[in-house]
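Down below is the structure, laid out as structure tokens.
The values are calculated or read from the model by the stated rules, or taken from the named source; none is laboratory data. The shown structure was predicted, so the numbers you read here are calculated from the model rather than taken from an experiment. Positions of Cβ are generated from backbone atoms using ideal geometry, with glycine treated the same way; all protein chains shown enter the neighbour counts.
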Amino acid sequence: MKHPPTEAQLSIIPGLYKTESIPTEDKIIHAHFQIFDSHWYIIEWDSVDTMFGFCILTGDLQNSEYGYVSLEDLKQIKIHGIYEVEFDTNWVPTPAGEVELIRDGGGIFSSTDSAPDRDPWTWYSLQSQPNT
């Protein structure tokens, strides 16, 4: 891995499930990993190896999603023996709703109003929110 995170950098990330009560757009992205058009935006981690966040693989915004990733697995990725996943040392903790790729990938989950003809939960990006 290029520029692996230090223990101090990882220590600011909340534990797994610690941000469940925070609205998705307000969850803080504490770390960012990248290789080419693949991105991992990290919200939580278990202080050992497992991280939770928003993942975009090969720039495919339509199939991007929240999920778990192993830090050790990210460290092992090498393409052609040269290219490695890079930890973004310049990343500033940012709310998910302010990260353009997360918005574009539909990674903002918000409740809608309680109108009986509407599904009470829906996925949408900030750019495609219904007018209220």
If I filter the stretch 82-101 for residues that are among the small types (Gly, Ala, Ser), without any contact (Cβ under 8 Å) to a residue 40 or more places away in the chain and either out of contact with any Leu (no Cβ under 7 Å at 6 or more places or on another chain) or under 21 Å from Ile28 (Cβ atoms) (or both), do I get at least one hit? no
Candidate set: the stretch 89-106, residues that are among the hydrophobic types (A, V, I, L, M, F, W, C) and assigned to a helix (DSSP H, G or I); chosen: the one nearest to Lys18 (Cα to Cα): Ala96
Hey, among Leu61, Leu71, which residue is over 21 Å from Tyr17 (Cβ atoms) and either surrounded by 14 or more Cβ atoms within 10 Å (Cβ to Cβ) or hydroxyl-bearing (Ser, Thr, Tyr) (or both)? Leu61
Whether any residue in the stretch 17-26 is modelled with pLDDT of 95 or more, closer than 18 Å to Val85 by Cβ and surrounded by fewer than 21 Cβ atoms within 10 Å (Cβ to Cβ) is what I want to check. no
Kindly check whether there is at least one residue in the stretch 1-12 that is surrounded by 16 or more Cβ atoms within 10 Å (Cβ to Cβ), charged (D, E, K, R) and either over 16 Å from the mean Cα position of the chain (by Cα) or closer than 20 Å to Ile108 by Cβ (or both). no
Val48 passes all but one of (1) without any contact (Cβ under 8 Å) to a residue 24 or more places away in the chain; (2) within 15 Å of Glu72 (Cα to Cα); (3) in contact with a Ser or Thr (Cβ under 9 Å, 6 or more places away or on another chain); which number fails? (3)
